[in-house]
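The values are calculated or read from the model by the stated rules, or taken from the named source; none is laboratory data. Everything quoted here is computed from the prediction, not taken from an experiment. Don't worry about glycine lacking a Cβ; one is built from the backbone with ideal geometry, like all the others, and counts go over all protein chains shown.
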Amino acid sequence: MIARWLACGGMVALLGWPLLLVAKELPVNTRLGGDFQLQSTVAAQDQLSDFKGRLVLLNFGYTSCPDVCPMVLSRMTQVMNALEEDSKETRARVQPLFVTFDPARDTVERLQAYLQHFGKDFIGMTGTPEQVADVAKRFGVVYLPQKSDSAAGTLFAHSDYIYLLDDQGRVRALFGSKDPIDEMVDAVESLLDE
Amino acid sequence: MLNLKKILSVLLFWTVAAVAWAGSAVEVTDGWVRWVPPVSENSAAYFTLHNPTDKPLELVSASSDVARAVELHNVIKTGDLMSMQKQEKIGISAHQTLQFQPGSYHVMLIGLKKPLEENQSVSLTLHFADGTTAPVSLTVRKDAGGKSGADEHQHHHHH
Ligand SMILES: [Cu+2]
């Protein structure tokens with residue numbers, strides 16, 4: 001009997017831990033982020049603060065990238081689809097956002113044509129090279145055009161994090177390409193429950 | 001006319017024989033090509049390459065009709081930076097299995113002649129340093145691991 005009670009207590013402690021950890025693991029990142037305004041595929045929503053009240057899943061990349069960027073974008077799609085499995089309303093509380101660092105090739109039209117295949121609610125942003133560089137810098141995004149003899153033209157060496165922003169536009173989590181989708185969904189849901 | 005037919009059949013025989021002769025011993029499995037939105041002119045092919053022989057092999061190039069250029073690439077991760085680099089050759093030692101997968105080795109299809117259709121099959125030929133080749137047929141898919149893309153998503157109805 002005592003053993004059973006102990007086991008139960010142990011279970012409660014074990015179950016309690018991850019919840020506490022999740023809450024503690026998403027502190028506001030004060031070094032990264034900040035509001036920005038760019039050219040958007042949805043003209044009425046061209047500023048980060050336009051998404052206030054909703055969470056944002058933000059990623060930086062370029063559409064001519066054939067391997068890493070579509071992989072990261074389809075990870076965003078998987079997270080969004082998992083949220084939709086809960087309900088359409090849950091999905092609507094999170095805005096997927098893609099900012100290009102290749103404005104020379106990525107026009108608003110091209111971003112629109114590209115992103116709609118990852119989800120109808122995906123928004124893309126571009127701007128002048130200076131504007132894009134400024135936003136990237138604020139999020140700690142590094143992108144370097146590479147010297148390459150590839151027929152693909154300019155390729156970028158770049159970081160590939162997905163940023164989870166809370167309903168105030170503050171950076172709360174960064175996800176690398178090895179982080180499981182489930183963990184990302186859990187993090188999003190824990191912010192939705194805040 | 002008869003002569004021409006005869007010459008053609010002899011030619012065909014030797015062509016088939018030559019192809020069989022040049023066939024590589026490598027085993028290619030789980031091949032797929034990433035479906036990309038029609039505005040995107042580049043894509044990538046992935047597969048598992050196994051060298052069952054006792055000798056090392058060197059993959060030196062790949063070719064396909066679907067793209068203007070086909071290159072061997074690898075993604076190198078340095079700190080936080082992912083960079084895609086063209087490879088002159090990719091070695092596969094004896095009995096080794098090499099994964100071509102997103103974020104790693106891939107065959108890059110540059111300048112797609114036509115947008116890729118889902119489930120379309122793409123022919124690719126791998127060329128090895130010893131002169132052998134391996135023809136592969138790959139299926140165009142939305143994403144790795146059979147995970148659904150945006151358009152494939154099943155809607156759940158709540159009543
Ligand atoms: Cu590549």
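Restricting attention to the range B:38-50, the residues that are within 13 Å of chain A (Cβ to nearest Cβ) and crowded, with 21+ Cβ neighbours inside 10 Å add up to 6. Would you check if A:Lys178 is within 14 Å of chain B (Cβ to nearest Cβ), under 30 Å from A:Glu89 (Cβ atoms) and assigned to a loop (DSSP other than H, G, I, E, B)? When the stated conditions are applied, A:Lys178 does not pass them. Among the residues of the range A:146-166, those identified as touching a Leu at 6+ places or on another chain (Cβ under 8 Å) and either of a type in the set (Ser, Thr, Tyr) or assigned to a strand (DSSP E or B) (or both) are A:Gln146, A:Ser148, A:Phe156, A:Ala157, A:His158, A:Ser159, A:Tyr161, A:Ile162, A:Tyr163, A:Leu164, A:Leu165.
Name the residues in the range A:79-102 that are touching a Ser or Thr at 6+ places or on another chain (Cβ under 8 Å), more than 10 Å from chain B (Cβ to nearest Cβ) and over 20 Å from A:Phe139 (Cβ atoms), would you? Residue satisfying the conditions is A:Leu83 alone. Considering (1) at the interface with another protein chain (Cβ under 9 Å from one of its Cβ atoms); (2) out of contact with any helix residue (DSSP H, G or I) (no Cβ under 9 Å at 6 or more places or on another chain), the lone condition that A:His117 does not fulfil carries the number (2). Taking the conditions (1) out of contact with any helix residue (DSSP H, G or I) (no Cβ under 9 Å at 6 or more places or on another chain); (2) under 24 Å from A:Thr30 (Cβ atoms) in turn, A:Ala151 satisfies each one other than (2).
Looking across the range B:95-131 at every residue that is away from the ligand (no atom under 16 Å from the Cβ) and at positive phi, the one that is nearest to the other protein chains (Cβ to nearest Cβ) is identified as B:Asn119.
Quick grid of which residues meet (1) polar (S, T, N, Q); (2) in contact (Cβ under 8 Å) with a residue 60 or more places away in the chain; (3) within 16 Å of the ligand (Cβ to nearest atom):
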{"position": "A:Asp46", "(1), (2), (3)": "no, yes, no"}
{"position": "A:Tyr62", "(1), (2), (3)": "no, yes, yes"}
{"position": "A:Cys65", "(1), (2), (3)": "no, yes, yes"}
{"position": "A:Met71", "(1), (2), (3)": "no, yes, yes"}
{"position": "A:Met80", "(1), (2), (3)": "no, no, no"}
{"position": "A:Arg93", "(1), (2), (3)": "no, yes, no"}
{"position": "A:Val141", "(1), (2), (3)": "no, yes, no"}
{"position": "A:Gln146", "(1), (2), (3)": "yes, no, yes"}
{"position": "A:Ala151", "(1), (2), (3)": "no, no, yes"}
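For the range A:95-109, the count of residues that are modelled with pLDDT of 95 or more, part of a helix (DSSP H, G or I) and loosely packed, with under 15 Cβ neighbours inside 10 Å is nonzero. For residues that are touching a strand residue (DSSP E or B) at 6+ places or on another chain (Cβ under 6 Å), farther than 27 Å from B:Glu71 by Cβ and in a helix (DSSP H, G or I), tally how many sit in the range A:40-75. Matching residues across the range A:40-75 total 1.
If you go through the range A:120-158 and keep only what is out of contact with any strand residue (DSSP E or B) (no Cβ under 9 Å at 6 or more places or on another chain) and within 9 Å of another protein chain (Cβ to nearest Cβ), you end up with just A:Lys120. Does the range A:173-185 contain any residue that is in contact (Cβ under 8 Å) with a residue 60 or more places away in the chain and within 16 Å of the ligand (Cβ to nearest atom)? Scanning the range A:173-185, I find at least one residue that is in contact (Cβ under 8 Å) with a residue 60 or more places away in the chain and within 16 Å of the ligand (Cβ to nearest atom), so the answer is yes. Taking A:Phe118, is it buried (at least 20 other Cβ atoms within 10 Å of the Cβ) and in a loop (DSSP other than H, G, I, E, B)? Yes, satisfied. If the condition is being surrounded by fewer than 17 Cβ atoms within 10 Å (Cβ to Cβ), under 16 Å from the mean Cα position of the chain (by Cα) and without any contact (Cβ under 8 Å) to a residue 60 or more places away in the chain, then the range B:51-73 contributes B:Asp65, B:Arg68, B:Ala69. What number of residues within the range B:96-135 are in a strand (DSSP E or B) and of a type outside the set (Gly, Ala, Ser)? Residues flagged as in a strand (DSSP E or B) and of a type outside the set (Gly, Ala, Ser) within the range B:96-135 amount to 19.
Assess whether A:Arg110 counts as being within 10 Å of chain B (Cβ to nearest Cβ), over 22 Å from A:Gly33 (Cα atoms) and among the basic types (Lys, Arg). Judged against the criteria, A:Arg110 is a match.
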